[in-house]
């Protein structure tokens, strides 16, 4: 990933995977009894957690793959499949089980978690976002990782901005409009997921590229 278009692709893909608009209804439900100070503190905690998780995936993901003996092409196929499952759920305007299992949803509704879990992980910075960061960081030096960190920072700031104005958004934007945005991001993510799997399969099975 040496060209600006590839970094832009990473930025678009990561934005679609994280999808801060999908987190708005969850954030509103969890913070319905919070005062403004508590909401602002939770937004900061969630945003910081998203950045740290994705930054660690960028820096240490490749080393983790080597430790477990998984090749990057195989991880591209697996990661692309995870992204595709997320995209299909987003096309139905749903969080999907990749982001949140029924048990996690029950725990969230019972408010027996602190909000950072599962809002930050796995709802926003879940398996799909971590896979995207690990795949993008392949065979890159410090400058490459630095640029990726900048992209992650942009997505994190966007997440902070959306969540910090969740109540404003809820008053002015209908659920249908939010769902339309999620479906559009899901369509973009589906295309990126298929492309990621195709690149991995071409490396694993060179004959496919003939």
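Things to note:
- Between 0 and 90°, nearest 10: helix 4-18 axis offset from the chain longest Cα axis: 40 degrees
- To the nearest ten degrees, helix 127-136 and the longest principal axis of the Cα atoms of the chain are 40 degrees apart.
- Classification of region 149-204 by its C-alpha gyration tensor yields an oblate form. The axis ratio a/c (a ≥ b ≥ c) is 1.5 or more, and b/c is at least a/b.
- Segment residue 170..residue 4, full-extension length gain: 56.3 nm, with 0.36 nm per residue of separation and the alpha-carbon distance subtracted.
- You can think of it this way: the chain between residue 183 and residue 64 has 39.6 nm of extra reach, that is 0.36 nm per residue less the Cα-Cα gap.
- Added length on full extension, which subtracts the Cα-Cα distance from 0.36 nm per residue, residue 45 to residue 113: 23.1 nm
- Ranked 51, 8, criterion: other C-beta atoms within 10 Å, fewest first: 8, 51
- Pairwise FRET efficiency - residue 146 versus residue 34, Cβ, R0 = 30 Å, nearest 0.05: 0.25
- Taking the fewest neighbouring Cβ atoms within 10 Å as the starting point, the ordered list for 117, 46 is 117, 46.
- Each principal axis of the Cα cloud of the chain was evaluated for its coordinate range; sorted largest first, these ranges are 57, 34, 33 Å.
- Per-residue ellipticity at 222 nm computed for the chain from its helices equals -25000 deg cm²/dmol, with DSSP H segments shorter than 4 residues left out and the rest contributing -39,500 (n - 2.57).
- Exposure proxy ranking, count of Cβ atoms within 10 Å, fewest first, for 152, 169, 175, 68: 68, 175, 169, 152
- Axis of helix 72-91 versus longest Cα principal axis of the chain: the two differ by about 30°, to the nearest ten degrees.
- Cα-based equivalent ellipsoid, region 64-155: semi-axes from gyration tensor eigenvalues, Å: 27, 16, 13
Computed from the coordinates by the stated procedures, all read-outs in this text should not be read as laboratory data. Keep in mind that what you see is a predicted model, and the values were worked out from it rather than measured. Virtual Cβ from ideal backbone geometry, glycine too; neighbours counted across all protein chains shown.
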